[in-house]
Ligand SMILES: Cc1cc2nc3c(=O)[nH]c(=O)nc-3n(C[C@H](O)[C@H](O)[C@H](O)COP(=O)(O)OP(=O)(O)OC[C@H]3O[C@@H](n4cnc5c(N)ncnc54)[C@H](O)[C@@H]3O)c2cc1C
Ligand code: SF4
Ligand code: FES
């Protein structure tokens, strides 16, 4: 996992601000994150850059369970680890998320 | 074993050397492996350089084994290091900086070098070969600075280079010594068809031209030919052939002819030194393609590991050109001579050509152009020198009755025969993953073994192996699954949705037992479409199951900005609208305004958060440039202004566009309407093409100008405007109801058959009315998406706007 070591939690809004299975960009400091709310309610925060060498955003991908399909190149990414699934490979930087009283916190 | 491993050294980090290593690793761990490579990269797929040049792939995409792979197997890799010779006395290899490394065994796999014509001026700046990444980079750079290029050599490599440079925006002339292109693989007929096709794609040719000198100062400025004519260019790619790279072998005093001479077990004249790939010469032949080198590598690996193996007896090679839209294939012997019996069929209208050569009634070679569906079959038959029979003839040449029945000859194929030449995957490996891992589709096999991943030429054989191994279960379930999440085909799914009244994608997936509960990027949009097609009134469109462009109602670009395309009915606009478009473009700092091929304006580079504002200020309907829906209706000037026009094409185009816009279809859909048979709006490449004539209109369907170009078929003629609209509606609805998601009408027409479609929408008046009623019903439920987004600004903000967190933890 490339989830980073402990940083600071930032409040990224309330859960309802994130539509189920539709990504939303959240900017915290100089980080641009793609935040997804899976249909089971889990919230994931990924670096909003595809690991594909040609680059591009991730936030517009199709979310299926805890997987994300990259919107530009259709790579399948495991949102729990950030790992790109075979036959492609690479890894997206994921950020820890916690939800308290409906408030979403992301650790940077 | 006594613990001490043997030192195996590979000279050359290319496709042959590393594929041999891969085979060895499967058989033994008794070697300490060291690899030397001149190039500064890990092993990459050289075949795919053509795609790197063309811009569709990057170096990273074509790396076969990354550095981790070498590490994982404990292989020592020296990149950027050239071996100069082998010292057989001390049992060491010597590198250019004098380093010596001891060996027990060596494999030389140094490939070949581009052959550069030794004409005066060949060493000028701006002259390159096409062999490696470095050459590719020079070409990519040159295309940024210079305009005119020449490619010397009209073989496979030269043509792929030329196409790549054209794609990069250069003006390219292919200079070829012979009168025929690819004369080493094609016969004159196929070659002429190839040339015509490539000319259509923008490549120029100078045939029968002997280069005598490259002109210019430091940098090349032109080519002078033997007849003293001059071609002005500022960049030259030499693709006239390859020279086996035998430098190491020569320095080491080994037997070298054109290539390094080897026996049937790839042994060279030096003890414990082997050679594979393009640098070798086996039974007098040097190969320049990957399939033979995989075959050689496999035999060598077994031999070196002490596993019993049949000797290498040479390869039958096949060629496929990797240029989209140009299907050519050749295998075995291809030039007819008196000893051959020739079966050929040339069709200038369909632009296809097929030739099979027989010697003593055995198949020994074939050439295909335009339609290469039989390539895999022919390749096998020819490899096995199959005897021609009435039955085979019937199935290959399509005559007689009984149709195109395919016999499975994969059955007789040897286990270790390579099926995918690009990636060195054998029949055995494929059979293995099907039987032991339960794979049931080509996609799964691709993910697991890499077969079909590169040029795709092997796909038909992989399919046949699947079919052969799975037997009946193949046709009943496996094959038609619309994606990896289900084994059900489109028709089954649609039938289940109708029968069980399923409402949402989730429901479909639950009820029909999807392997991934929320589906994937292939099935989710498809199911969402089928649901909407079946119940236009009640289906609630699932934004989260739509591809980004359709969800945002604008086209995403690679930098994450969007392109906005307002509707311009029939391609007609007004000065006032143009002014508004200009004002909005200036205000929102649009990066480019482009006229599209479908007669509209692209406003490129709008930020996501500005989308709703841009739409509101344009105050025009969405052009649906992103949608699986009616895109444009291209029109000519027609009778309103054109001196030839007999019908008002502009008005009819606008009418059709207004009538059918916004409706979801299986794939994008384009129209053209012409005022007369001169066809200025190019009806032949549209899903529906309409041509006006004196007494009414003629309707064409199934045209496509995209990846797989297809000319539209004439469906029927109608007398009145009303009849025209009704037929268009019936065609579209029939396509909506029977098309596979993402299937263009060009494929749909071929799958359903023109006659069948005609019998439903043209001949059967009742059915036509019913189809029309259903499309009218669906049309009642469409809504303008931009207006909807603007109205619902608040709800939509979650979709269009990001969240900015101030640094307040
Ligand atoms: C643009 C292009 C398109 C092609 N398309 C096709 C196709 O569609 N189908 C097909 O079958 N084939 C195709 N080929 C041919 C195919 O790529 C070659 O047949 C294959 O790569 C040969 O493999 P090899 O290992 O013998 O040589 P290479 O892959 O060339 O590997 C040799 C390696 O050895 C290194 N080397 C050389 N000398 C030394 C030394 N002294 N010390 C250390 N390292 C050394 C070189 O740097 C090189 O990396 C194409 C080739 C090109 C260039
Ligand atoms: S198709 Fe006929 S009517 Fe239309 S512009 Fe061309 S010549 Fe004129
Ligand atoms: S032969 Fe090219 S991908 Fe398999």
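What follows is calculated from the coordinates using simple rules that are stated; it is not laboratory data. Everything numeric in this text was worked out from a predicted model, so none of it was measured. Because the Cβ atoms are built from the backbone with ideal geometry, glycine has one as well, and the counts that use them run over all protein chains shown.
Annotations
- When only Cα pairs below 8 angstrom with a gap of at least 6 residues are kept, the range B:29-137 shows a relative contact order of 25 percent.
- Whole-number D in µm² s⁻¹ for the range B:665-809, Kirkwood Cα-pair radius fed into Stokes-Einstein, 20 °C, 1.002 mPa s: 124
- Value of relative contact order over chain B, rounded to a whole percent, pairs C-alpha under 8 Å and six or more apart: 7
- Stretch gain in nm, segment residue B:793-residue B:742, where the contour uses 0.36 nm per residue and the Cα spacing is subtracted: 15.3 nm
- Counting every pair of alpha carbons in the range B:141-197, the share spaced more than 16 Å apart comes to 42 percent.
- Two-decimal Rg to Rh for the range B:752-809 - Kirkwood Rh, Cα set: 1.45
- Size descriptors for the range B:706-759, from the alpha-carbon set: Rg then Dmax equal 11.9, 34 Å.
- Remark: chain B projects, on average over all directions, an area of 43.3 nm² (convex hull of Cα atoms).
- Using the Cβ-Cβ distance between residue B:769 and residue B:95 with R0 = 60 Å, the FRET efficiency computed as 1/(1 + (r/R0)^6) comes to roughly 0.15.
- Taking the longest Cα principal axis of chain B as reference, the axis of helix B:459-470 is set at about 90 degrees.
- Spin-label pair residue B:324/residue B:371, simplified geometry with 7 Å Cα→Cβ offset, distance in nm: 2.3
- Ranked by how many other beta carbons lie within 10 Å on average, peptides B:572-581, B:77-86 from highest: B:77-86, B:572-581
- Helix-only mean residue ellipticity at 222 nm for chain B, each DSSP H run of n ≥ 4 adding -39500 (n - 2.57), per residue, nearest 500: -9500 deg cm²/dmol
- You can think of it this way: the chain between residue B:537 and residue B:177 has 123.1 nm of extra reach, that is 0.36 nm per residue less the Cα-Cα gap.
- Euclidean distance between Cα centres, the range B:696-759 to the range B:495-521, Å: 30
- Dividing the mean sequence gap of close Cα pairs (under 8 Å, 6+ apart) by how many residues the range B:521-628 holds gives a relative contact order of 30 percent.
- Gain on full stretching of the segment that runs from residue B:714 to residue B:69 - 0.36 nm per residue minus C-alpha separation: 226.6 nm
- Distribution of pairwise C-alpha distances over chain A, 5 Å bins, in %: 2, 14, 26, 27, 19, 9, 3, 0
- Against the rule of thumb 2.2 N^0.38 Å, how large the Cα Rg of the range B:34-89 comes out: 1.37
- Taken over the Cα atoms of the range B:544-656, the convex hull encloses 111 Å³ per residue.
- Two-decimal log10 I(q)/I(0) for the range B:311-436, as the Debye equation yields it once each C-alpha is a single scatterer, q = 0.09, 0.21 Å⁻¹: -0.28, -1.37
- If both residues of a DSSP beta bridge must be in chain B, then about 65% of such bridges are antiparallel.
- Estimated FRET transfer efficiency when R0 is 25 angstrom, pair residue B:387-residue B:289 (beta carbons, to 0.05): 0.40
- Rounded to the nearest whole angstrom, the semi-axes of the ellipsoid equivalent to the range B:48-206, taken from the Cα gyration tensor as √(5λ), stand at 37, 19, 17, largest first.
- Label-point separation in nm, residue B:147 to residue A:88, each point 7 Å along Cα→Cβ: 3.8
- Peptide B:517-530 has a mean shielding of 3, counted as Cβ atoms of other protein chains within 10 Å of each residue's Cβ.
- Helix axis angle, B:721-738 relative to chain B longest principal axis, alpha carbon, degrees: 50
- Burial order of peptide ranges B:360-373, B:152-165 (average beta-carbon count within 10 Å, highest first): B:152-165, B:360-373
- FRET efficiency for residue A:16 and residue B:415, using Cβ-Cβ distance with R0 set to 51 Å, rounded to 0.05: 0.30
- Inverting the pair-averaged 1/r between distinct Cα atoms of the range B:170-215 gives 11.3 Å as its Kirkwood hydrodynamic radius.
- Taking the range A:66-108 and a reference point 7 angstrom along Cα→Cβ of residue A:29, the backbone N atoms nearer than 20 Å belong to A:92-99, A:104-108.
- Gap separating the Cα centres of the range B:547-587 and the range B:138-184, nearest whole Å: 36
- Hydrodynamic radius by Kirkwood, which averages 1/r over all alpha carbon pairs of the protein assembly as shown, in angstrom: 31.0
- Distance in nm between pseudo-label sites at residue B:251 and residue B:707 (7 Å out along the Cβ direction from Cα): 4.5
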